[in-house]
Amino acid sequence: MVERRSRLSKAQHTARWLAHTPWPILALDMLRSNLVGALFTFAFLRFGMPESDSFRFNEITALNQAIFATYLVVAMVVGAVLSIQLSLPVLIWHRRRSRLDNQGARKRALQLPMLLSAVNAGMWVVGGVLFTCVNLTVSGRDAFIVAMASCIGALVTCVLSFLQFEKVLRPITVAAMANNPNNAIAPGVTTRITVFWVISVVAPMLVIVGLITMQRLHYIQTDADGLMRPILWMALSALAFSLLAIVRVVTAINDPIKQLRRAQAKVSEGDLNASVKIYDATDIGELQAGFNDMVADLRERQQLRNLFGRYVGEDVARRAIEIGTELGGEERYVGVLFVDIVGSTRLAVNRPPREVVDLLNEFFRVVVAVVGRHGGFVNKFQGDAALAIFGAPLDLDDFAGRALASARELRQELYETLGDTDIGIGVSAGKAIAGHIGAEARLEYTVIGDPVNEAARLTELAKDEPTRVLGSARAVFLASQEEATHWSIGEGVELRGRGIETLLARPLGLETQIP
């Protein structure tokens, strides 16, 4: 008695648990598919044969009725039990998949639509064989008709149930497939369309051809007029099933395509985090997986491009992506700005390392912002110094004027931001070589030439200037008239290592603006 109560309690607990899973929907779909198949079967027996050979419900023997009622109850119970046994490991795994993974349950989940459809097929095969054998005792003709009707019902039931099972189990399939459609085995798009074509077009046509052939061979006793009703029924049945089938097939194909289109729209809008859930094991599933791989690749490339641009400058990165990177360079007229912190060695001795790093980061932040506003890019950071280029890798109008304007603005903003931290700024302009220098395995974009050397030497002199800014007269001469009015040409000096005289240019007005 206790054991019986325990089993009853366990069954009630399992039933309540199953009520909160997809199983009730699966059971309902299984019942609905069997009802549709049964309707096609009974309609075929009643209207799919000539009047003289059709089955009438009042002519069904008591034995057939008893066997049908008994088998219906048994099939429902067996089908429910088998569906629960097949589904339960999958449902438990899906509800508790945060725990250790269960490969067996994952594999079962991917096979579940076909297994449940196989249960339906098995019930129909057993029932078809049983009723064929029962009617074989009456006549071979009746047995053949019953067998043919059972095949039609089985095909209709299995096809409809498989598609519906796949739809209901999509959330579980997504988890079981783990974004890899190759893990699942399912009929492809071509196979599915072919199967529906065979059932909705080929099978009715074959039945019609068979009816005409049997009438011609006098296997069925009717005339041409008597064939009109079964032929008309087969045609209408083919239309009805074709409509039902095409809706299911189109839905099964169209749903993932709509999902892909929505995700593609997000990617087009710049959302590279878009992805689609893979729940199809056909060619469409491979397309879904390919889309996710493509977006992941785009996301990685965008991240690398952003990272590349942060290291070498956005213009350099864009040009490298567009035309590639080859060793060598090209002659360009460029403006060059060099900025350096005065006494950085003393700063490192007198201040904690973290404070020095924060100071340098703030210094470089201002440099990058000011240079960027004037169309240049910071080519490299050298300890406590920075080299900015105007006019390479992209052409820039008034490259010299932009470099000079950046120097004046940079002087102002650095003093407002860094306070008592002293700096020196040198500006030059002229012809230089800009390009990728190094080796095939390791290269960098840089600018080499006299303007770079001159700007570096002017920076050293600028550290002793009241304005802390010096430019070359050559840069002022190459600049626009508007910018040149902000500079005065002074004495000439021979900078270290050049061997020729450089006329110094000083910005006007900075002496009174900055203490």
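The values are calculated or read from the model by the stated rules, or taken from the named source; none is laboratory data. Only a predicted model underlies this, so the values are computations on that prediction, with no experimental measurement involved. A quick note on method: Cβ atoms are made from the backbone with ideal geometry, for glycine too, and the neighbour counts reach across all protein chains shown.
When segment 457-468 is filtered for residues that are in a loop (DSSP other than H, G, I, E, B) and of a type in the set (D, E, K, R), the ones remaining, listed by number, are K463, D464, E465, R468. Touching a residue at least 24 places away in the same chain (Cβ under 8 Å), over 21 Å from T485 (Cα atoms) and touching a helix residue (DSSP H, G or I) at 6+ places or on another chain (Cβ under 7 Å): is that true of A432 in this structure? It is true that A432 is touching a residue at least 24 places away in the same chain (Cβ under 8 Å), over 21 Å from T485 (Cα atoms) and touching a helix residue (DSSP H, G or I) at 6+ places or on another chain (Cβ under 7 Å).
Annotation: S268 fulfils all but one of (1) surrounded by 19 or more Cβ atoms within 10 Å (Cβ to Cβ); (2) of a type outside the set (A, V, I, L, M); (3) at pLDDT 75 or above; the unmet one is (1).
Scanning segment 213-229 for residues being surrounded by 15 or more Cβ atoms within 10 Å (Cβ to Cβ) and either touching a Phe, Trp or Tyr at 6+ places or on another chain (Cβ under 9 Å) or not small (G, A, S) (or both) gives a total of 6.
For segment 173-199, a tally of residues being at pLDDT 75 or above and among the hydroxyl-bearing types (S, T, Y) returns 1.
Could you please let me know if S242 is surrounded by 14 or more Cβ atoms within 10 Å (Cβ to Cβ) and either modelled with pLDDT under 75 or not hydrophobic (A, V, I, L, M, F, W, C) (or both)? The answer is yes for S242. Counting residues in segment 445-457 that are at pLDDT below 85, in contact with a Phe, Trp or Tyr (Cβ under 9 Å, 6 or more places away or on another chain) and not small (G, A, S) gives zero.
Inclusion of G471 among residues that are over 25 Å from E331 (Cα atoms), part of a strand (DSSP E or B) and at pLDDT 85 or above is not warranted.
Of the set (1) under 19 Å from G424 (Cβ atoms); (2) in a loop (DSSP other than H, G, I, E, B), all apply to L394 but (1).
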